[in-house]
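Asker: What follows is a single structure, and I will ask about it in a moment.
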Amino acid sequence: MLEQIEQYAKQCNIPIMQKEGIDFLTSFIKKNNIKTILEIGTAIGYSAIKMALVDEDIKIISIERDEVRYLEAVKNIEKFQLQNRIKLINADAFDVNLNEKFDLIFLDAAKAQNIKFFKKFEENLNNQKYIITDNLNFHGLVDNCEKKSKNLRRLTDKIRQYRQFLKENRNYNTDFYNIGDGISISKKVI
Ligand code: SAH
Ligand code: MG
């Protein structure tokens, strides 16, 4: 069933996590006994399903603004009978206010908005817990010095600014991993 989702993503050009990245993420969740997760950027539910399958006690809230993708995610999550553990919200994440606190916040939405997502949702993070961000290499384009279109340059500049923001943020210790499309793990110090 997971293969079907992977295939659909490929056909419809939906940027779900690649194998190496998702394996890294799910082992991290297991090793650190993470039980509550907020995901920004559901797409069609692939990473949410993978994360939920790590352990029966895991509960996830995931936000997706695109209605077509959200509806596909609803279907996929029902196929896995995970609707009791994965709650989907169809909205722009900037319009969503949550009171819950989470062990992990996974940022995998609009890559240019990561500083804003981080600042908005860090109040929903439990002490000593983690914010993980995907696509910090953006297909290798962030650190590649070839000439880029203006839009692409704007995006890769934003990603570089986000990395700098993480490095300078004294409230978190961040490690960067050259795995998948580039992943950071920021641990809240307090
Ligand atoms: N986490 C998924 C892939 C997410 S792709 C997986 O690995 O399976 C990124 C998704 O973020 C896209 O579907 C896009 O529509 C969504 N997105 C981008 N900006 C958003 C925002 N501000 N609020 C909610 N969703 C957003
Ligand atoms: Mg991603």
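Asker: Cβ neighbours within 10 Å, averaged per peptide: list 92-98, 124-130, 110-116 in order, most packed at the top.
Answerer: Numbers: 92-98: 14.1, 124-130: 16.0, 110-116: 17.7.
Ranked by mean Cβ neighbours within 10 Å, highest first: 110-116, 124-130, 92-98.
Asker: For labels at residue 67 and residue 2 in the simple 7 Å Cα→Cβ model, what's the distance in nm?
Answerer: The answer from the label model is 3.2 nm.
Asker: Need one number: nm distance between label points at residue 164 and residue 98, each 7 Å from Cα along Cα→Cβ, rounded to one decimal.
Answerer: Spacing of the two 7 Å Cα→Cβ label points: 3.0 nm.
Asker: Which whole-number percentage describes the relative contact order of the chain, with Cα contacts under 8 Å and a sequence gap of 6 or more? Write down the numbers at each step before the final one.
Answerer: Details: 316 pairs, mean separation 36.6, N = 190.
Relative contact order for the chain comes out at 19 percent.
Asker: Taking 0.36 nm per intervening residue step and subtracting the Cα-Cα distance, what contour gain separates residue 90 from residue 113 on full extension? Intermediate results must be reported in sequence, preceding the final value.
Answerer: Values: separation 23, 0.36 × 23 = 8.28 nm, distance 1.80 nm.
Gain in length upon complete extension: 6.5 nm.
Asker: A further question follows. For the chain, set up a Gaussian network in which alpha carbons nearer than 10 Å are linked by springs, and say which option among 149, 47, 62 fluctuates the most.
Answerer: 149
Asker: Here's another thing I want to ask about it. Determine the calculated [θ] at 222 nm for the chain from helices alone, applying -39500 (n - 2.57) to every DSSP H run no shorter than 4 residues and normalising by the residue count; nearest 500 deg cm²/dmol.
Answerer: Values: 6 runs with 70 residues, N = 190.
For the chain, the value works out to -11500 deg cm²/dmol.
Asker: Further question: At 1.002 mPa s and 20 °C, plugging the Kirkwood radius over alpha-carbon pairs of the chain into Stokes-Einstein gives what diffusion coefficient in µm²/s? Could the numbers behind the result be given before it?
Answerer: Numbers: Rh = 16.8 Å.
The estimated diffusion coefficient comes to 127 µm²/s.
Asker: Which one of 132, 76, 156 is farthest out on the positive end of the charge dipole of the stretch 44-190, using unit charges on Cβ (Lys, Arg +1; Asp, Glu -1) and the Cα centre as origin?
Answerer: Ranked along the dipole, the leading option is 156.
Asker: What nm value, rounded to one decimal, do you get for the distance between residue 189 and residue 148 when each label is placed 7 Å out toward the C-beta?
Answerer: It is 2.9 nm.
Asker: Given the options 49, 14, 77, which has the most mean-square fluctuation in a GNM of the chain, springs set between C-alpha atoms less than 10 angstrom apart?
Answerer: 14
Asker: Now for a different question. For the stretch 92-150 and the stretch 19-38, what is the separation of their C-alpha centers, rounded to whole Å?
Answerer: That distance is 16 Å.
Asker: Another question about this same structure. How much of the DSSP beta bridge set in the stretch 2-188 is antiparallel, as a percent to the nearest 5?
Answerer: On the way: 10 of 29 bridges.
Rounded to the nearest five, the antiparallel share is 35 percent.
Asker: I would also like to ask the following. Rounded to the nearest 20 debye, what is the charge dipole size of the stretch 2-188 about its Cα centre when +1 sits on each Lys and Arg Cβ and -1 on each Asp and Glu Cβ? Can you show the working numbers first?
Answerer: Values: 31 positive and 27 negative charges, 134 e Å.
So the dipole magnitude of the stretch 2-188 works out to roughly 640 debye.
Asker: Provide 148, 19 ordered by accessible surface of protein heavy atoms (probe 1.4 Å), highest first.
Answerer: Values: 148 40, 19 140 Å².
These residues rank, largest area first, as 19, 148.
The values are calculated or read from the model by the stated rules, or taken from the named source; none is laboratory data. Keep in mind it's a predicted model, so treat the numbers as computed, not measured. Positions of Cβ are backbone-derived with ideal geometry, glycine not excepted, and every protein chain shown enters the neighbour counts. For the accessible areas, the whole protein counts, side chains as well, though only heavy atoms, and no ligand, DNA or RNA atoms are used. Shrake-Rupley method; radii C 1.70, N 1.55, O 1.52, S 1.80 Å.
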